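First the structure, in the form of structure tokens, and then the observations on it.
The values are calculated or read from the model by the stated rules, or taken from the named source; none is laboratory data. This structure is a prediction, so every number in the text was calculated from the model and none was measured. Cβ placement follows ideal geometry from the backbone for every residue including glycine, while neighbour counts extend to all protein chains displayed. Accessible surface is based on the protein model in full, side chains and every heavy atom, while ligands, DNA and RNA are left aside. Shrake-Rupley method; radii C 1.70, N 1.55, O 1.52, S 1.80 Å.
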Amino acid sequence: MIDRYTRPQMGAIWTEENKYRCWLKVESAASAVLAEDGVIPTAAAEAIAAKSSFTVDRIREIEAEVRHDIIAFTTAVSESLKTQGFDAESRWLHYGLTSNDIVDTAQALQVKEASAQIRKGIEAFLEVLKRRAIEFKHTPTIGRTHGIHAEPTTFGLKFLNWFAEMERNLARFDAAAEDMRVGKLSGAVGTFGHLKPEHEERICARLGLKPAPVATQVIQRDRHAAYISTLAILGSTLDKIAVEIRHLQRTEVREAQEYFSEKQKGSSSMPHKKNPIISEQISGLARVLRGNAQAAFENVALWHERDISHSSVERVIFPDSTILTDYLLAKTTDLLDRLLVYPERMKKNLESTGGLIFSGQLLLDLAEAGMMREDAYRLVQTHAMQSWKEDLIFRDEVSKDPKITALLSPEKLEKTFDYTRQLGNVDAIFKRVLGE
């Protein structure tokens, strides 16, 4: 991922330096367990743990010749041991292992580290969503369906809805991350041809992983697809929020707006512009996450016990998806934390249709008062369409209709057009989501 969208802590997880460091952790853990069982000399395991090292440049130099990254890595590590006089010990490095024993298990370590960072981001985002939901719990605004004014809601309910969705995302993410917390050291085709299952269990335990119950040369990629697609779903939630902000910031709406600093400029040619650039960036980058999910699905079907068609893909989609998720969580958290909200404009928009948004309530009140529902619907719709077409005040028009006033007194009509009546259950909804 380019530096522009990479936060340092997450970016460091996916450097070549850290990747090889994770490879060496796996090699060291494997050597330690094998030494405990007398498979390799204790001195070899101790040397591998304490004296082995590498440089990225040397690994690259060797790989340019041998065209195999694991061989380049083990050769470089062996060289580091030999230069310190551990020639005999170096021959026990990578004993009984195959390439993907190291690659897949080490990748799990990187994903585990990245997942911890992403989880912190989700938790921080949930805190902001909850705080702002409570802040605007009873701030009335117009609800829109199909982009058209529908009935009143509150701005806090928008945040509460996002909060509940992010809680589901957290549950999905925890499950996907746990599913990725597996290693495998079962050999070239998963049969433990050179090590024992108990070796794998103890090596994984040393690394904070679980052993995959069964594998080929690779851990099966349904796990990886689930993880990447979970990040895509999470990104889609952030996209959904960003799209809402973009709509609310439109000139005709102006109910909410991204924070705009004093020195910020919105356009090179139009000084008045304040554009929702952060929201647009969130929407754009979420598309990359969804595209990566498709690539992860394609990685599930590998030939027989292993091919490497997935390998090149994962070198891109795992760093990029975790880095982007981390970045998008931070950007969206900041966006909503500093979001400018305009309750007066919400009220103005709420009242802009002259009461048309209460047509459903009027329909119910007329039916309750004795009018047949079909007749009530026809009568209310006639007034609604006429008011819309001729730019009339719907509330005034219905209050002059004798068919309506014969059933509804002025006091009852006033109650019909009272938006607090339709928002009476907001507290109950908050209680369902947040508890007491």
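Observations, loosely collected:
- Applying the condition of being touching a strand residue (DSSP E or B) at 6+ places or on another chain (Cβ under 9 Å) and not β-branched (Val, Ile, Thr) to the range 216-244 and asking which residue is farthest from Arg315 (Cα to Cα) yields Glu244.
- Of all residues in the range 296-316, those satisfying the criterion of being within 15 Å of Asp222 (Cα to Cα), part of a helix (DSSP H, G or I) and open to solvent by 30 Å² or more (accessible area, probe 1.4 Å) are Phe297, Glu298, Ser309, Ser311, Val313.
- Lone unmet requirement of (1) at pLDDT 95 or above; (2) surrounded by fewer than 20 Cβ atoms within 10 Å (Cβ to Cβ); (3) in a loop (DSSP other than H, G, I, E, B) for Ala215: (2)
- The residues of the range 249-266 that are in contact with a Ser or Thr (Cβ under 9 Å, 6 or more places away or on another chain) and closer than 18 Å to Ser283 by Cβ, listed by number, are Gln249, Glu258.
- Residue, most open to solvent (accessible area, probe 1.4 Å), within the range 59-103, restricted to residues that are of a type in the set (D, E, K, R) and farther than 21 Å from Ala49 by Cβ: Arg67
- Within the range 7-38, the set of residues being surrounded by 13 or more Cβ atoms within 10 Å (Cβ to Cβ) and farther than 23 Å from Val103 by Cβ comprises Arg7, Glu36.
- Any hit, the range 385-399, residues being aliphatic (A, V, I, L, M), surrounded by fewer than 20 Cβ atoms within 10 Å (Cβ to Cβ) and within 20 Å of Arg144 (Cα to Cα): yes
- Qualifying residue in the range 237-259 (condition: open to solvent by 40 Å² or more (accessible area, probe 1.4 Å) and among the small types (Gly, Ala, Ser)): no
- Selection status of Ala376, without any contact (Cβ under 8 Å) to a residue 24 or more places away in the chain, out of contact with any Cys (no Cβ under 9 Å at 6 or more places or on another chain) and open to solvent by less than 30 Å² (accessible area, probe 1.4 Å): yes
- Residues of the range 111-126 include at least one that is open to solvent by 30 Å² or more (accessible area, probe 1.4 Å), touching a Gly at 6+ places or on another chain (Cβ under 8 Å) and not hydrophobic (A, V, I, L, M, F, W, C).
- Within the range 260-283, residues that are modelled with pLDDT under 75 and of a type in the set (Ser, Thr, Tyr) have Cβ atoms under 6 Å from residues that are surrounded by fewer than 16 Cβ atoms within 10 Å (Cβ to Cβ) and in a loop (DSSP other than H, G, I, E, B) in these pairs: Ser267/Lys273, counting only partners at least 6 apart in sequence or on another chain.
- Residues within the range 14-72 that are part of a helix (DSSP H, G or I), closer than 30 Å to Gln117 by Cβ and not aliphatic (A, V, I, L, M), tallied: 17
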